[in-house]
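For reference, the structure is listed below as structure tokens.
No value in this document is a laboratory result; all are computed from the given coordinates. Small disclaimer: the values here were computed from a predicted structure and weren't measured. Glycine gets a Cβ as well: all are built from the backbone with ideal geometry, and neighbour counts include every protein chain shown.
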Amino acid sequence: MNGSQFLKAYENEFNVKVRTPAQDNAEQIINSILYNLFRKNPDGMAKTRTFTEIQRRLSEQRVLEPTHITDDQLLKQIGAFAEQVTQHLVAHLEDYQTYEAYSPPVELLAECNVDIGWLERAVGQVCQRPVAFSGDYSLLRYEGEGKGRYPHVDRDVYHINLLFLISREHREGHTPHDFYYYDDAGERHEERLTPGHAILFDGANTVHGRWLSDYSARTLALSFGFRPI
């Protein structure tokens with residue numbers, strides 16, 4: 001996918017000139033455009049021609065629509081897997097409190113005494129296609145006012161992204177760190193995951209984010225990247 005085409009669409013729509021990056025990295029270019037569109041007009045972003053063009057091209061490459069894991073037994077097993085990994089990661093992070101998105105080296109996962117092959121098979125069963133762990137995973141921690149993620153797409157190592165919510169605290173009536181994504185029609189869907197639940201989606205080809213909290217909330221999640229075989 002050529003990122004410069006999206007820069008051209010952005011320039012034409014808003015009558016601005018954008019400096020062309022040295023490398024045509026489509027993911028970085030798309031995320032830069034999404035950030036600017038969202039900052040200009042959060043509610044109107046999806047109505048722009050530029051966003052529509054981005055969505056059209058992403059949809060051509062998407063391998064999975066957002067899918068909730070509904071099997072209670074499987075969720076319990078994934079939960080035990082995630083808890084073991086999280087405890088090990090936190091124990092190795094002396095400055096854990098400073099991280100929002102920590103991508104640990106894959107060697108740490110090998111020390112967690114978990115079977116990544118089992119997780120590959122479980123994810124493949126839900127996706128109805130074989131998948132392989134990409135070697136990339138992240139501990140996501142959002143705490144405090146204004147923390148969250150602007151709309152973005154992931155690196156291709158999260159072509160299939162397993163997002164598992166470990167814990168969440170927020171006051172009733174306030175904005176929690178809820179996950180959301182945009183469909184091909186530009187509609188925004190909010191997914192209020194509760195602790196112990198998971199969603200699978202094509203992170204590299206689905207515009208998604210997490211609401212910026214308006215008070216001191218806490219969210220902890222684990223994300224694993226897979227690629228279709």
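Here are a few things to note about the model shown:
- Along each principal axis, Cα extent of the chain, largest first, Å: 54, 42, 33
- 3J(HN,Hα) along the stretch 182-193, derived from phi through the Karplus expression 6.51 cos²θ - 1.76 cosθ + 1.60 where θ = phi - 60°, amounts to 10, 8, 5, 8, x, 7, 8, 10, 9, 10, 7, 5 Hz, with x in place of Gly and Pro.
- Size of charge dipole - the stretch 1-93 - debye, nearest 20, with Cβ of Lys, Arg +1 and Asp, Glu -1, no other charges: 520
- Comparing mean-square fluctuations of Arg56, Arg218, Arg210 from a GNM of the chain with C-alpha springs under 10 Å, the top value falls on Arg56.
- In sequence order, calculated HN-Hα J values of the stretch 23-39 (Karplus, 6.51, -1.76, 1.60; Hz; x Gly/Pro): 10, 7, 9, 4, 4, 5, 5, 4, 5, 5, 5, 4, 4, 5, 5, 5, 5
- The label point for Glu169 and the one for Trp118, both projected 7 Å from the Cα toward the Cβ, are 3.0 nm apart.
- The stretch 4-61: C-alpha gyration tensor shape, a/c 1.5 cut-off, then a/b vs b/c: oblate
- Segments 60-71, 150-161, 191-202 sorted - mean Cβ within 10 Å per residue, highest first: 150-161, 191-202, 60-71
- Estimated at 0.36 nm per residue, the fully extended path between Arg39 and Ser4 surpasses their Cα-Cα distance by 10.5 nm.
- Max mean-square fluctuation residue, GNM over the chain, Cα-Cα springs under 10 Å, options Ala185, Ala46, Ala101: Ala185
- Most positive-pole-ward Cα, Phe38, Ile54, Gln5, against dipole of the stretch 4-61 from beta carbon charges: Phe38
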